[in-house]
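Colleague: Dropping the structure in here first, questions after.
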Amino acid sequence: MKRFFKRNAPAYVFLTPWFIGFFLLALGPILASLYLSFTRYDMVADPRWVGLDNYEYMFERDRRFWKALEVTFTYVALAVPARLAMALGVAMLLDKGLRTIGLYRAIFYLPSLLGSSIAIAILWRQLFAADGVVNQVLAKFGIEGAAWISDPDTSLYTLVVLAMWQFGSPMLIFLAGLRGIPRDLYEAAEIDGTSKPRQFFRITLPLLAPVIFFNLVLQTIEAFKTFSSAFIISNGTGAPADSLLFYTVYLFNEAFKFFRMGYASALAWVLLLIIGFFTAVTFFTSKYWVHYENERD
Amino acid sequence: MKTNATDTAVRDKNAQIAHEIRLGQKRRARRARIYKHIFLIGMSIVMLYPLFWLLASSLKPENEIFSTLTLWPSEFNWDNYTEGWNALPKSFTVFYMNSAIVTVLSVIGNLLSCSFAAYAFARLQFNGKNLFFALMMMTLMIPYHVVLIPQYVLFLNLGWVDTYLPLVVPRFLASDAFFIFLMVQFFRQLPRELDEAAMIDGCSPYKIYWVIILPLSLPAMGTAAIFSLIWVWEDFLAPLIYLNDIKSYTVPLALRLFLDQEGQSIFGQMFAMSVLSLVPVIVFFIAFQKLIVRGIATSGMK
């Protein structure tokens with residue numbers, strides 16, 4: 001007992017803040033929200049146990065829940081690949097044949113850093129407004145643009161474009177990854193007369209797979225969590241016609257506008273399961289397409 | 001003799017061909033480089049255009065904002081800044097002070113608590129290390145929305161709503177696992193011999209943390225400080241939930257108020273204040289670009 005204490009005491013002392021935080025702010029709340037998800041709770045009266053009612057309502061009768069899922073999944077399916085493709089493309093462009101890339105790198109990264117700020121969301125609303133800049137540019141080419149943000153058919157795409165604009169951080173990670181690929185592989189391929197596309201599929205992609213995997217997991221989780229921009233652009237409601245009803249926006253409104261805390265907790269748990277599921281699937285399938293090279297670095 | 005002469009001739013010819021090929025390659029490489037630069041410059045303009053548009057609109061007279069694509073204002077209208085600063089029920093001086101208080105405290109909290117935890121994970125041996133590390137990594141994945149409601153109930157019962165405590169205290173409890181991860185990555189690279197030598201000299205782990213690890217980790221601390229500064233500065237959801245009284249609003253909440261007062265007449269002011277809210281982030285980015293880029297490349301997030 002004394003030895004156990006002696007061995008562990010310093011580490012546990014250093015971990016004390018994290019322990020408190022973990023139990024009080026992470027594990028505790030996760031379990032508490034699981035409990036709350038089986039109750040009706042408006043923050044005035046005590047939570048009342050209702051069994052599976054919340055989940056039943058959610059899956060069987062709540063059309064807005066399905067709408068929120070649809071919006072969020074569409075967004076994730078479009079924004080994540082688009083952003084990663086941008087990031088990889090630009091990273092490859094910067095990686096080879098240029099002497100100085102510092103300034104480009106900085107310019108391309110800046111939007112990622114500003115991206116979640118309210119100022120940018122406000123800016124985006126105006127850029128894609130019916131009389132906004134985008135339509136003015138299109139008008140120059142004789143194209144009549146849509147109303148973008150106020151049109152339910154197009155509003156989600158403005159957020160996808162916003163996501164693409166912020167390809168900076170996966171780009172930096174790709175750049176670091178590309179730097180790790182030995183140059184002589186390309187030189188050898190060049191001598192053998194291997195075409196550029198073939199070099200990309202045979203050398204770049206396989207050797208970059210761990211980095212792609214890493215970016216994919218992070219960006220997917222990130223995309224599921226999208227909140228501020230959707231909240232601001234949709235006036236906090238998911239409008240127009242619920243086309244911007246991101247899952248997080250719906251959850252927020254159920255909880256803090258209508259004070260349906262029990263139901264919102266059920267929504268939160270479903271979100272947790274969805275993200276957990278996607279992460280698990282990515283990890284599980286990764287062994288078929290990600291190969292780590294132990295010899296190298 | 002004769003064969004020798006032909007040999008030399010062939011060799012010369014070969015050398016000449018090789019030289020020409022090299023020249024051609026060089027020329028081609030240069031042309032490719034120029035195309036690349038043209039493309040990248042074009043792309044830079046597209047990437048920066050929205051930001052310049054925001055800046056330009058903040059300086060334009062109201063009727064010019066949506067009527068022309070020209071970025072250069074016909075006259076510089078600084079009124080947007082002076083009037084925008086006081087356009088809301090409280091002046092932006094209040095909002096900036098509030099944001100500054102929250103940000104500074106949060107950064108201190110993040111640095112202290114996360115470096116404690118990271119030191120334990122990276123350098124100390126203890127029972128349950130792998131389990132705790134796995135749990136810590138899992139919290140990276142958990143969306144804030146999942147813990148939001150119980151946390152809100154907790155802070156409400158503590159009487160903390162409408163104070164900065166719900167925004168600041170979690171940061172002293174290492175709630176942002178990203179920074180723990182970032183620091184663990186860095187601490188692991190420091191040579192272990194340092195700890196061992198210090199240990200033999202009778203240094204306690206506490207002293208090793210303070211005298212060896214921390215001073216050697218200033219770059220990592222810098223990266224963490226800048227990221228946490230920028231994220232806390234831009235944070236919207238937590239202030240939105242916990243701050244109800246307008247005099248305790250942070251800058252992002254204040255900006256949102258402009259949207260509620262929709263009406264053409266305040267666009268310029270709204271843009272002006274939006275520009276100002278981005279200034280600290282951009283200044284920090286320019287000043288500490290190296291730390292930021294390195295931080296992302298090694299830990300890889302956001």
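Colleague: Is it the case that some residue within segment B:121-130 is on the phi < 0 side of the Ramachandran plot, basic (Lys, Arg) and within 25 Å of the chain's Cα centre (by Cα)?
Modeller: No, every residue in segment B:121-130 fails to be on the phi < 0 side of the Ramachandran plot, basic (Lys, Arg) and within 25 Å of the chain's Cα centre (by Cα).
Colleague: For segment B:198-227, what are the residues that are within 13 Å of chain A (Cβ to nearest Cβ) and in contact with a Phe, Trp or Tyr (Cβ under 9 Å, 6 or more places away or on another chain)?
Modeller: Of everything in segment B:198-227, those that are within 13 Å of chain A (Cβ to nearest Cβ) and in contact with a Phe, Trp or Tyr (Cβ under 9 Å, 6 or more places away or on another chain) turn out to be B:205, B:206, B:208, B:209, B:213, B:214, B:223, B:226, B:227.
Colleague: Scan the helices (runs of 4 or more DSSP H) fully inside segment A:132-225 and keep the ones with 1 or more residues being within 14 Å of another protein chain (Cβ to nearest Cβ) and of a type in the set (Ser, Thr, Tyr).
Modeller: Helices (runs of 4 or more DSSP H) meeting the threshold: A:155-165, A:168-179, A:183-191, A:205-225.
Colleague: Okay, next question. Testing residue A:248 on (1) part of a helix (DSSP H, G or I); (2) over 30 Å from residue B:238 (Cα atoms), one condition comes back false. Which one is that?
Modeller: With (1) part of a helix (DSSP H, G or I); (2) over 30 Å from residue B:238 (Cα atoms) applied to residue A:248, the lone miss is (2).
Colleague: Applying the selection to segment B:156-180, what residues are in contact (Cβ under 8 Å) with a residue 12 or more places away in the chain, of a type outside the set (Val, Ile, Thr) and surrounded by fewer than 21 Cβ atoms within 10 Å (Cβ to Cβ)?
Modeller: Result: B:160, B:162, B:164, B:172, B:178.
Yes/no matrix, rows are residues, columns are (1) buried (at least 21 other Cβ atoms within 10 Å of the Cβ); (2) of a type in the set (A, V, I, L, M, F, W, C); (3) in the same structural domain as residue B:222 (by TED's automatic domain parsing); (4) modelled with pLDDT of 95 or more:
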site	(1), (2), (3), (4)
B:96	no, no, yes, yes
B:102	yes, yes, yes, yes
B:113	yes, no, yes, yes
B:117	yes, yes, yes, yes
B:123	yes, no, yes, no
B:126	no, yes, yes, no
B:134	no, yes, yes, no
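Colleague: Still on this structure, please answer the following. Do any residues in segment B:279-290 that are in the same structural domain as residue B:219 (by TED's automatic domain parsing) and of a type outside the set (S, T, N, Q) have Cβ atoms under 9 Å from those of residues that are surrounded by 15 or more Cβ atoms within 10 Å (Cβ to Cβ) and not in a helix (DSSP H, G or I), where the two are at least six apart or on different chains, and which pairs are they?
Modeller: Pairs found: B:281/A:117.
Colleague: Taking the condition of being within 23 Å of residue B:107 (Cα to Cα), out of contact with any Phe, Trp or Tyr (no Cβ under 9 Å at 6 or more places or on another chain) and more than 7 Å from chain A (Cβ to nearest Cβ), how many residues in segment B:122-157 meet it?
Modeller: 1
Colleague: Which count do you get for residues in segment B:163-189 that are modelled with pLDDT of 90 or more, over 12 Å from residue B:121 (Cβ atoms) and not aromatic (Phe, Trp, Tyr)?
Modeller: Residues that pass the stated criteria total 11.
Colleague: Conditions first: (1) farther than 21 Å from residue B:132 by Cβ; (2) assigned to a helix (DSSP H, G or I); (3) at the interface with another protein chain (Cβ under 8 Å from one of its Cβ atoms). Residue A:24 passes all but one, so which condition is the exception?
Modeller: Unmet for residue A:24, out of (1) farther than 21 Å from residue B:132 by Cβ; (2) assigned to a helix (DSSP H, G or I); (3) at the interface with another protein chain (Cβ under 8 Å from one of its Cβ atoms): (1).
Colleague: Related question: Residues being surrounded by fewer than 23 Cβ atoms within 10 Å (Cβ to Cβ), more than 23 Å from residue A:218 (Cβ to Cβ) and within 7 Å of chain B (Cβ to nearest Cβ): count how many of those fall in segment A:78-126.
Modeller: Residues that pass the stated criteria total 2.
Colleague: Regarding segment B:59-70, can at least one residue be identified that is in a helix (DSSP H, G or I), under 25 Å from the mean Cα position of the chain (by Cα) and modelled with pLDDT of 80 or more?
Modeller: No, there is no match, as no residue in segment B:59-70 is in a helix (DSSP H, G or I), under 25 Å from the mean Cα position of the chain (by Cα) and modelled with pLDDT of 80 or more.
The values are calculated or read from the model by the stated rules, or taken from the named source; none is laboratory data. As the structure is a prediction and not an experimental result, all values here were calculated from the model. Neighbour counts are summed over all protein chains in view; Cβ atoms, including those assigned to glycine, are modelled from backbone coordinates with ideal geometry.
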